[in-house]
1. If I filter segment A:41-53 for residues that are near DNA strand D (Cβ under 8 Å from one of its atoms), away from chain B (no Cβ under 14 Å) and of a type in the set (D, E, K, R), do I get at least one hit?
2. Identify the residue in segment A:34-47 that is surrounded by fewer than 17 Cβ atoms within 10 Å (Cβ to Cβ) and within 13 Å of DNA strand C (Cβ to nearest atom) and, among all such residues, is nearest to the chain's Cα centre (by Cα).
3. Please enumerate the residues belonging to segment B:109-147 that are among the basic types (K, R) and in a helix (DSSP H, G or I).
4. Sort out for me the helices (runs of 4 or more DSSP H) sitting completely within segment A:48-100 that have 2 or more residues that are farther than 30 Å from A:A153 by Cβ, modelled with pLDDT of 95 or more and under 23 Å from the mean Cα position of the chain (by Cα).
5. Filter segment A:151-205 down to the residues that are surrounded by 16 or more Cβ atoms within 10 Å (Cβ to Cβ) and in contact with a Lys or Arg (Cβ under 6 Å, 6 or more places away or on another chain), then identify the one that is nearest to the other protein chains (Cβ to nearest Cβ).
6. Restricting to segment A:23-40, give me the number of residues that are near DNA strand D (Cβ under 10 Å from one of its atoms) and either in the same structural domain as A:Y184 (by TED's automatic domain parsing) or part of a loop (DSSP other than H, G, I, E, B) (or both).
7. Regarding B:G154, is this residue farther than 19 Å from B:K74 by Cβ and touching a helix residue (DSSP H, G or I) at 6+ places or on another chain (Cβ under 6 Å)?
8. Can you pull out the residues in segment B:157-181 that are in a helix (DSSP H, G or I), modelled with pLDDT under 95 and of a type outside the set (A, V, I, L, M, F, W, C)?
Protein chains: 2
Amino acid sequence: MNRKAPVKRARAKQKRLSADDRRSEFVIKATELFAEEGFGGGTRALARKLGVTQPLLYRYFPSKDDLIKEVYRKVYLEPLEIGWEKVLADRSRPLRIRLQEFYEVYTDAIFNRKWLRIYLYSGLKGLDINRWYVGMVKDKILTRILRECRHDAGLAMQSRPSAAELELAWVFHGGIFYYGVRKYIYEAPVLEDKARMISDALDIFLAGFERMAESATDRRRAPIKIVG
Amino acid sequence: MNRKAPVKRARAKQKRLSADDRRSEFVIKATELFAEEGFGGGTRALARKLGVTQPLLYRYFPSKDDLIKEVYRKVYLEPLEIGWEKVLADRSRPLRIRLQEFYEVYTDAIFNRKWLRIYLYSGLKGLDINRWYVGMVKDKILTRILRECRHDAGLAMQSRPSAAELELAWVFHGGIFYYGVRKYIYEAPVLEDKARMISDALDIFLAGFERMAESATDRRRAPIKIVG
DNA sequence: ATCTCTGGTGATCGATCGATAAACTGCGCC
DNA sequence: GGCGCAGTTTATCGATCGATCACCAGAGAT
């Protein structure tokens, strides 16, 4: 056998990229792959998506875990790039409008198959970054929303929201989040008008907050008991 | 080499079980394993949990996939065994009480690490059984709740709830569901009093439903589009 | 034209995966 | 008390996984 034949390489395309480009291409395609297959997705499948061979991955990342960490970083930090802090805090505009705009922008950022699946997969792994993100939502979004609500209702300011208030905000926030899960994870039919969904959810949240604020001032809430 | 030495077996315990017992033990332990590791969890790790060897699995299940299917069946069908249909429909009791009791019982059934994790893992796989469950929640729970709400508010009965109403119910339901996810998946601190959380969520849902019902009587809403 | 640096490949290793076949062992039955 | 079957193990296969190594090739500098 002539093993020395200079096999004229019929490679589809010799894709010679700069190190930075190749590296970020790895992260992008890895995000897509892991979003679909979970983090158990293979490095060979990933290389195939790039049109390169598998060992090349290890020129850019010491291990698969390091690649995964980069995927986390990118996914979790992406939605934070929108400056929604100011949207919520800008008291020159009506609270209702601010909340509506914030949730429209926020859900625009995270309601897509890729983000939601990576988020759920990493949540199931119980990673620190996931806990950090949940804490961030609590501190930077829900606490801020509650502060604005209290201000809007003319209530006394307090450094930290009560546990019940916070839970109210979480249930509201979670309800909206679950809309994205139903649409992009379960692929179930949903009310197509997302803005309308947010608007309706806001209606009942704000009404509920006012009710709770009122009842908290005059009478103590009677505990609910269920017998049966 | 004396390869025929009758090695007196020092097995910890010869656990000789009946076929039925062994089989259900496989399903139980597989549920625990897959809940923690995902369905990528290995058959050897599963066997180790049972204190048996790995090939034994294949005496009871043709393949790992068949075992997984049994896990699905068990997990998805378990919460259905409570007869919550009657709890919701029993009009001799106040609606508010019925809803409170239903959600307390329902969440007692599904708010645990095992159930929620299996549910999320299988949801990410996009299986038919998951779609079936979501459809079941819609038809058997949310639609029924809305029907009872309409009846309670003295509104005209309609065979199927409007898309906006359904979405309202979904956001409410999802908000409660997300409480379980936060507690058992993210292991984040939550308001410990689950009944109180349900009660508060119900307050704002019912108030929101009434508001929507009122506004629907005087002015017409724009038509809503549903997309699969 | 050649040297060199670096992006990229081919071959392969050890571990682990799901699955199979054959041997063994303990319990119930006659 | 020995037979037989059902429950279990030992050994092993082929595929696939992440990772490593030596080598190749193409673009820019000289």
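The values are calculated or read from the model by the stated rules, or taken from the named source; none is laboratory data. Please read these numbers as outputs of a predicted model, since none were measured by experiment. Here the Cβ positions follow ideal geometry from the backbone for every residue, glycine too, while neighbour counts run over all protein chains shown.
1. The answer is yes; a qualifying residue exists.
2. If we take residues in segment A:34-47 being surrounded by fewer than 17 Cβ atoms within 10 Å (Cβ to Cβ) and within 13 Å of DNA strand C (Cβ to nearest atom), then A:G40 is nearest to the chain's Cα centre (by Cα).
3. B:R113, B:K114, B:R117, B:R131, B:K138, B:K140, B:R144, B:R147
4. Values: elements: A:57-60, A:64-77, A:84-89.
The qualifying helices (runs of 4 or more DSSP H) are A:64-77.
5. A:A188
6. Matching residues across segment A:23-40 total 2.
7. No: the conditions fail for B:G154.
8. B:E165, the sole residue that qualifies.
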